[in-house]
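Chemist: Shown below is the structure under consideration.
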Amino acid sequence: MNTKPMKKYLLLAGFLIFACTPIFAQKKPNVIVILMDDLGYGDLSCYGASQYQTPNLDQMAKNGVRLTNFLSAQAVCSASRAGLLTGCYPNRIGISGALFPNSPIGINKDEETIAEVLKANGYTTGIFGKWHLGDSERFLPTQHGFDEYVGIPYSNDMWPVHYDGTRNATNQRKAFPELPLIRGSKPERFIKTLDDQAQLINILTKESIKFIEKNKAKPFFVYMPHPMPHVPINASAAFKGKSKQGLYGDVMLEMDWSVGEILKTLKRLKIDQNTLVIFTSDNGPWQNFGNHAGSTNGLREAKGTSFEGGQRVPFIAQWKGHIDGGKVNNGLASNIDLLPTICAVTNSKLPLKKIDGVNVFSLLKDEDKAEPRKEFLYYYRKNNLEAVRKGQWKLVLAHPGRTHEGSMPGQDGFPGKLREDFPYPEALYDLRRDPGERYDVQSLYPAVVADLKQLAEKAREELGDDLTQRKGKENREAGQ
């Protein structure tokens, strides 16, 4: 019997099976998410920054893809981080605003984070930076899927130090404890001065590199949520005075250096082609803080609002061999989409409970006509539905104005408010033509307004809306 045709058939079949299998299914890719705090849409030179350059991030964009319509889950710290890590609108899981020290709530143990779904798939996980989802031990990262944690538990302005570096027992509205640098679940030491804070970028970069080197032979997940450029800011001696934009520019130079060190480490260890690296921000920049605040590059308003300046942020992804270099994609996406996207490329199981994110890897691949996310809900405060979006259209719903909910400086020359407390009327914006949200066109497009109002009503039915005194049917409780 001639077995040669059979052997050829089997070889061909095996080749076809191999060729049709996604390459990320053959070896689990490493994943690194680098998250800035209060970085504005215009704060990287590849997004239009001036008076300083971010060459490592610019190169990362040349090696990968840059998104121009990427939104944070909310325009404030804790809520945005909750959305990123769980794939849910933060109000769905009971997290809002910015949690203060000794907060009675935090992320619920029943919510599954990116770290937990990856850990269940054989990943080693580490977080190096700001957590801000509850500072009680039961809420810390090591209780939510992370094997290692080095960082601070909440924002770097929640401490007894003024913005000029002088110490005081109270800071604006609350009495704050010393700011701990935690390793695992216990304080290793305390950040007591601005000079101490200037070392954070370097410390977190070195800890991340040490973790990568230690786990280079197995799949790992690194989450690097930097505490800055959230105010107060400070740069180390190697970068202070190096930019033309004062201290903020100096901090951005050091941030860019940190990203470069991570990328160089991957290349040195020869794992860069098996590592997806994502860079983004938790929300937009502070406003009216001079050289202590970033740029929205013309987008309206800033952190603490549901306008684009508060929620549209930079996003760069690099994965050599899987994401083509030099791409710019205008598709709509959000940080709540990171969890399902990471699950897809790592073949990890999605959380058991309902999430709001969608897999947006087709945008990272810059595929033609890809539109995985068509709609987005802009929630703020505890559960205020302030705007809805569908494609290029954004309907800002009538809502009262407000001051910022987080800790405010109100001292040393900094204002205590970000803006006047005045109501916002209903308005329709065409973000394709008017990303600065300056021209209300609802009278020209009544059918679009009606469609978006239906979307808002659907959201109120499911997740509620404090502005219209509606309770949602599918909200979940935060951890107590």
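The values are calculated or read from the model by the stated rules, or taken from the named source; none is laboratory data. Everything quoted here is computed from the prediction, not taken from an experiment. Note that each Cβ is placed from the backbone with ideal geometry, even for glycine, and that neighbours are counted across all protein chains shown.
Chemist: Given the range 42-143, what helices (runs of 4 or more DSSP H) lie entirely inside it while holding 2 or more residues that are among the small types (Gly, Ala, Ser)?
Modeler: In the range 42-143, the matching helices (runs of 4 or more DSSP H) lie at 77-86.
Chemist: Restricting to the range 124-144, name every residue that is surrounded by fewer than 23 Cβ atoms within 10 Å (Cβ to Cβ), in contact with a Phe, Trp or Tyr (Cβ under 9 Å, 6 or more places away or on another chain) and farther than 21 Å from GLU178 by Cα.
Modeler: Within the range 124-144, THR124, THR142 qualify.
Chemist: If you take the residues of the range 389-406 that are within 24 Å of ASP38 (Cα to Cα) and out of contact with any Phe, Trp or Tyr (no Cβ under 7 Å at 6 or more places or on another chain), which of them is modelled with the highest pLDDT?
Modeler: PRO400
Chemist: Considering only residues that are among the charged types (D, E, K, R) and either over 16 Å from ILE107 (Cα atoms) or touching a helix residue (DSSP H, G or I) at 6+ places or on another chain (Cβ under 6 Å) (or both), which ones fall in the range 121-145?
Modeler: So in the range 121-145, the residues among the charged types (D, E, K, R) come out as 130, 135, 137-138.
Across the range 121-145, there are no qualifying residues.
Chemist: Just to be sure I understand, how many residues within the range 457-480 are in a loop (DSSP other than H, G, I, E, B) and either in contact (Cβ under 8 Å) with a residue 60 or more places away in the chain or in contact with a Pro (Cβ under 9 Å, 6 or more places away or on another chain) (or both)?
Modeler: 7
Chemist: Can you tell which of VAL117, VAL150 is in contact (Cβ under 8 Å) with a residue 60 or more places away in the chain and buried (at least 21 other Cβ atoms within 10 Å of the Cβ)?
Modeler: VAL117
Chemist: Separate question: Give the range 243-263 a look and list any residue that's touching a Phe, Trp or Tyr at 6+ places or on another chain (Cβ under 8 Å) and either assigned to a loop (DSSP other than H, G, I, E, B) or of a type in the set (D, E, K, R) (or both), or say none.
Modeler: Once the filter is applied, which keeps residues that are touching a Phe, Trp or Tyr at 6+ places or on another chain (Cβ under 8 Å) and either assigned to a loop (DSSP other than H, G, I, E, B) or of a type in the set (D, E, K, R) (or both), the range 243-263 yields SER243, LYS244, GLN245, ASP250, GLU254.
Chemist: What number of residues in the range 355-378 are touching a residue at least 60 places away in the same chain (Cβ under 8 Å) and in contact with an Asp or Glu (Cβ under 7 Å, 6 or more places away or on another chain)?
Modeler: Residues flagged as touching a residue at least 60 places away in the same chain (Cβ under 8 Å) and in contact with an Asp or Glu (Cβ under 7 Å, 6 or more places away or on another chain) within the range 355-378 amount to 3.
Chemist: So, one more: Any residue in the range 237-266 that is over 16 Å from GLY294 (Cβ atoms) sitting within a Cβ distance under 6 Å of a residue that is β-branched (Val, Ile, Thr)? List the pairs, counting only those 6 or more apart or interchain.
Modeler: SER258/ILE201; SER258/THR205; GLU261/THR205; THR265/ILE209; THR265/ILE212; LEU266/THR275
Chemist: Can I ask one more? Which one is surrounded by the fewest Cβ atoms within 10 Å (Cβ to Cβ), of the residues in the range 202-249 that are hydrophobic (A, V, I, L, M, F, W, C) and under 18 Å from the mean Cα position of the chain (by Cα)?
Modeler: Going residue by residue through the range 202-249, those that are hydrophobic (A, V, I, L, M, F, W, C) are 203-204, 209, 211-212, 217, 220-222, 224, 228, 231, 233, 235, 237-239, 247.
From what's left, under 18 Å from the mean Cα position of the chain (by Cα): 204, 221-222, 224, 228, 231.
On the way: LEU204: 23, PHE221: 28, VAL222: 24, MET224: 24, MET228: 25, VAL231: 21.
Taking the candidates together, the pick is VAL231.
Chemist: What are the pairs with Cβ atoms under 8 angstrom where one residue, in the range 164-186, is of a type in the set (Ser, Thr, Tyr) and modelled with pLDDT under 75 and the other, located anywhere, is surrounded by 13 or more Cβ atoms within 10 Å (Cβ to Cβ) and assigned to a loop (DSSP other than H, G, I, E, B)? Sequence gap at least six, or different chains.
Modeler: THR170/PRO160; THR170/PHE176
Chemist: Right, ALA49: touching a Leu at 6+ places or on another chain (Cβ under 8 Å) and either surrounded by fewer than 19 Cβ atoms within 10 Å (Cβ to Cβ) or in contact (Cβ under 8 Å) with a residue 12 or more places away in the chain (or both) or not?
Modeler: Spelling it out, it is not the case that ALA49 is touching a Leu at 6+ places or on another chain (Cβ under 8 Å) and either surrounded by fewer than 19 Cβ atoms within 10 Å (Cβ to Cβ) or in contact (Cβ under 8 Å) with a residue 12 or more places away in the chain (or both).
Chemist: Something else now. Within the range 65-97, restricting attention to residues that are surrounded by fewer than 24 Cβ atoms within 10 Å (Cβ to Cβ) and among the small types (Gly, Ala, Ser), which residue is farthest from the chain's Cα centre (by Cα)?
Modeler: GLY94
Chemist: Do we have any residue at all in the range 287-298 that's of a type outside the set (Ser, Thr, Tyr), touching a Ser or Thr at 6+ places or on another chain (Cβ under 7 Å) and crowded, with 23+ Cβ neighbours inside 10 Å?
Modeler: As a first pass, look at the range 287-298 and keep what is of a type outside the set (Ser, Thr, Tyr): 287-294, 297-298.
Subsequent filtering for residues that are touching a Ser or Thr at 6+ places or on another chain (Cβ under 7 Å) retains none.
Looking through the range 287-298, none of the residues is of a type outside the set (Ser, Thr, Tyr), touching a Ser or Thr at 6+ places or on another chain (Cβ under 7 Å) and crowded, with 23+ Cβ neighbours inside 10 Å.
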